[in-house]
Number of protein chains: 2
Amino acid sequence: MNPAGELSIGDYIDAERARVDKELERVLPPEEEPPYSIHKAMRYSVLAGGKRLRPIICLESGRLFGVDDEVLLSAAAALELVHTYSLIHDDLPAMDNDDLRRGKPTSHRVFGEAMAILAGDGLLTLAFEILSRPGPIPAELQLQLIHELGFALGTHGLIGGQVADLAAAGLEVKEDTLQYIHRTKTGALICASARTGALIAGAPEDDLARVSQYGEAVGLAFQIADDLLDVLGSERELGKAVGKDNDQHKATYPAFYGVEESRRIARRLVREASEVLAPYGDSARRLQQLAQFLITRQS
Amino acid sequence: MNPAGELSIGDYIDAERARVDKELERVLPPEEEPPYSIHKAMRYSVLAGGKRLRPIICLESGRLFGVDDEVLLSAAAALELVHTYSLIHDDLPAMDNDDLRRGKPTSHRVFGEAMAILAGDGLLTLAFEILSRPGPIPAELQLQLIHELGFALGTHGLIGGQVADLAAAGLEVKEDTLQYIHRTKTGALICASARTGALIAGAPEDDLARVSQYGEAVGLAFQIADDLLDVLGSERELGKAVGKDNDQHKATYPAFYGVEESRRIARRLVREASEVLAPYGDSARRLQQLAQFLITRQS
């Protein structure tokens, strides 16, 4: 608790994470349901831990406009499923070839490449299946959020970013390429997470615009912080290999702007993200704290 | 033309295929749109040819209940996109390791493994994005077809079938495993294709049930015919490697029942598929001819 009797940001995140984890546990098919191995692989990667940043942003964004958690939770969980899909596929030998993720061996190291590819496919598919289930959200809004998520995950969003990232490896990248990669590979889904909550709330266009600006700024700040941790962090704290970006000559902010300038940019983005939510006063407090937390975290 | 002045089944399929190809051309992002390489890879596999069986079944099923092609076409195209995604991922070295598909080198042979994985991901994502676009279909129906497609593609459908297929390779499989693989790996999506047309038409439950029965029977007959072609066909006609199922000790109907009994089962399934549509009289003619065509085709 802090002096105001409110949970500290760390305790708040832990509590929210527990709520999201419970929902993930609920929406994932049980391990004992055939075909066994794929459900085991899907659960392994999703339930391996993780900050649950995207679901929490979605929940807070919905709460900003007065929506109950019960209405938001399955969409929030779907956002974590698609995030995990992207991690599993990015970690594959043909892509970034990572052995460690969230402190555990990556999916393909445990289940083999075929199962890792299928587990990613399964999580992506499950997310869309969940988002289209009949529920309390008006059908038109449900369609809109599926559509926006589809776009954010597609070749003009997350997949496009991964393509550009792979293409840029080992090359001298320009500033606009670096920004394109970060905006699409990380930014698009974080922005979609913020919008999902507000969309479910039926928020009008100007509110959606503010929430989008928040999501874009936070998404970019988060990726810069991630790049900085890759340079400065320890493998034990991060739960994944460090220094890999540099080894693989990846396009990163520290490599382009240097560490100090990257930190300055991240701080500016967090300030912008906070300011854009100022009209909501105290209701936006947690979203503002989350933005701040993202650039000060050690893992 | 046949004596009744009607297109022969072959000419009919060619005409329908041209219509579907035009729609696929329209919904796929242009090659010159960045990031270039992924759109090139997606277009390569989708536009490499193919029977367009799933979209044509969807179109015919919708026409059965009086829906205009314009309302059906984008959903029909989405079905082909997800089918192509499944082929690209199935062909990967970690899966079936195929070099040839639809008479051309497989995606990973042309664009590399990373791009093939991402092209598959991109097609799956694009399909859901297309299906959720605002359009003439009532939002509730649109959601239902996204939901059903999600289920058909998921771990209890297509992905489940692929998992079971990989798990069964090299093992003595039981009859129920063989049927599970065929029902899920091929049947689920063909059944969903038939249902999609009827769903868009707002067909009532008993019509949906008939169309589902048709789809299930045709899906299984089609897979048996495919297994038979793998044993008996020529590589040139098929546009993919033959005899691979046997080399890889795959679970197939001919391996389990023998060639003659497999043919008999396929014929029975086609008869069942035709009979279930008898209540629609002449309107169901094309769907019945398609079922027949599938088991007599040479490629």
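Taking the centroid of alpha carbons for each part, the stretch A:80-148 and the stretch A:157-195 are 18 Å apart.
For chain A, the residue among A:GLY233, A:THR186, A:LEU59 whose Cα projects farthest onto the positive side of the dipole built from Cβ charges is A:GLY233. In this Cβ point-charge picture (+1 for Lys and Arg, -1 for Asp and Glu), the stretch B:77-194 has a dipole of about 260 debye about its Cα centre.
For the stretch B:257-299, backbone nitrogen atoms closer than 15 Å to the point 7 Å from B:ASP206 Cα along Cα-to-C-beta are found at B:276-281.
In terms of other Cβ atoms within 10 Å, A:LYS51, A:LYS104, B:LYS174 run from fewest to most in the order B:LYS174, A:LYS104, A:LYS51.
By count of other Cβ within 10 Å, fewest leading, how are B:MET42, B:MET115, A:MET95 ordered? List each step's numbers first, then the result.
Details: B:MET42 29, B:MET115 25, A:MET95 18.
Ranked by crowding around the Cβ, least crowded first: A:MET95, B:MET115, B:MET42.
Taking the Cβ of each residue in B:SER132, A:SER283, B:SER37 as the centre, tally the other Cβ atoms inside 10 Å and list the residues starting with the fewest.
Fewest-to-most ranking of B:SER132, A:SER283, B:SER37: A:SER283, B:SER37, B:SER132.
If R0 is 45 Å, the Cβ-Cβ spacing of B:ASP176 and B:ARG26 corresponds to a FRET efficiency of close to 0.60.
Here the stretch A:9-296 is treated as an ellipsoid with the same Cα gyration tensor; its semi-axes, largest first and in whole Å, are 27, 25, 17. Candidate cross-link partners of B:LYS250 among the lysines, defined by an alpha-carbon separation under 28 Å and a same-chain spacing of 8 or more, comprise A:LYS40, B:LYS51, B:LYS104, B:LYS174, B:LYS185, B:LYS240.
Averaged over the residues of peptide A:111-123, the number of Cβ atoms from other protein chains lying within 10 Å of each residue's Cβ is 6.
In a reduced charge model with +1 at each Lys and Arg Cβ and -1 at each Asp and Glu Cβ, the protein assembly as shown shows a dipole moment near 240 debye about its Cα centre.
With the contact rule set at Cα under 8 Å and sequence spacing of 6 or more, what percent relative contact order holds for the stretch A:1-83? Write down the numbers at each step before the final one.
Details: 59 pairs, mean separation 24.2, N = 83.
Answer for the stretch A:1-83 is 29 percent.
With a 10 Å cut-off around each Cβ of B:133-140, the average count of Cβ atoms from other chains is 3. Normalised by the number of residues in chain A, the average gap of Cα pairs under 8 Å and 6 or more apart makes the relative contact order 19 percent. Computed from point charges on the beta carbon alone (+1 for Lys and Arg, -1 for Asp and Glu), the dipole magnitude for chain B about its Cα centre is near 380 Debye.
Within a 10 angstrom radius of each residue's Cβ in A:33-44, how many Cβ atoms of other chains show up on average? Whole number is fine. Intermediate results must be reported in sequence, preceding the final value.
Numbers: counts 3, 6, 14, 2, 5, 10, 4, 0, 2, 2, 0, 0.
Partner-chain Cβ atoms within 10 Å, mean over residues of A:33-44: 4.
Counting other C-beta atoms within 10 Å, and keeping those with at most 12, which DSSP coil trypsin sites (Lys or Arg not before Pro) do you find in the stretch A:93-145?
Details: sites: A:ARG101, A:ARG102, A:ARG109; in loops: A:ARG102.
Answer in residue order: no site qualifies.
Annotation for A:PRO138, label-to-label distances across the other copies: 1.6 nm (shortest first, one decimal, point 7 Å from Cα along Cα→Cβ). With a cut-off of 12 Å between beta carbons, the residues surrounding B:ILE159 carry a summed charge of -3, where Lys and Arg count +1 and Asp and Glu -1. The residue of chain B whose Cβ sits closest to the rotation axis that maps B onto A, together with that distance in whole Å, is B:ALA139, 2. Helical runs assigned H by DSSP (4 residues or longer) give chain B a calculated mean residue ellipticity at 222 nm of -22000 deg cm²/dmol, each run adding -39500 (n - 2.57) before division by the residue total.
Ordered shortest first, which distances in nm separate the 7 Å Cα→C-beta label point of B:ASP11 from those of the other copies? Spelled out, the distances from B:ASP11's label point are 8.0 nm. Less than 5 angstrom separates the built amide H of B:LEU100 from those of B:THR106, B:ALA241, all sequence-distant by 5 or more or on a different chain.
The phi-based Karplus calculation (6.51 cos²θ - 1.76 cosθ + 1.60; θ = phi - 60°) puts the 3J(HN,Hα) values of the stretch B:215-221 at x, 5, 5, 5, x, 5, 4 Hz, whole numbers, x for Gly and Pro. With label points defined 7 Å past Cα in the direction of Cβ, position B:ALA278 shows copy-to-copy spacings of 7.6 nm, given to one decimal and shortest first.
Coordinate-derived values only; no laboratory data. What you see is a predicted model, and the numbers here were worked out from it, not measured in a lab. Neighbour counts are summed over all protein chains in view; Cβ atoms, including those assigned to glycine, are modelled from backbone coordinates with ideal geometry.
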